[in-house]
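Written below as structure tokens is the structure these notes are about.
Read-outs: derived from the displayed coordinates by stated rules, not from any lab. As the structure is a computational prediction, the values presented were derived from the model and not from experiment. Cβ placement follows ideal geometry from the backbone for every residue including glycine, while neighbour counts extend to all protein chains displayed.
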Amino acid sequence: MRRLGVSCRHLFETVERPALASLPAEDYEFTEWRLARVSTDYHIEFKSFFYSVPHGLIRQQVDIRATARMIEIFHRGKRIAAPPEALRGESPCRQAPS
């Protein structure tokens with residue numbers, strides 16, 4: 001930084017370093033969001049597996065939030081289901097036919 005008359009290292013130490021925050025305690029977990037419509041048998045399909053939701057949501061659109069450890073289903077921003085088999089990392093109750 002010749003124009004300023006200081007080195008990049010000096011600028012980093014005086015300006016940038018005090019503004020740095022520490023790393024989060026937990027690792028970042030990638031989240032995948034999908035839209036799905038509840039079918040007449042009150043199930044939604046996600047990655048060839050079916051998950052049940054409350055029957056009152058038939059033909060409604062829901063959001064699916066999937067991470068490596070769990071699947072959550074939301075309707076209008078409210079969590080309506082978190083299938084227990086998905087929480088434990090087991091396969092869900094039914095698999096779509098090939």
Return the tail of the calculated pair distribution for region 1-89, meaning the percent of Cα-Cα pairs more than 14 Å apart. 71 percent
Determine, for each peptide in 39-45, 69-75, 4-10, 18-24, the mean count of other beta carbons within 10 angstrom over its residues, then list the peptides with the highest first. 69-75, 39-45, 4-10, 18-24
Which whole-number percent is the relative contact order of region 17-65 (Cα, under 8 Å, 6+ apart)? 39 percent
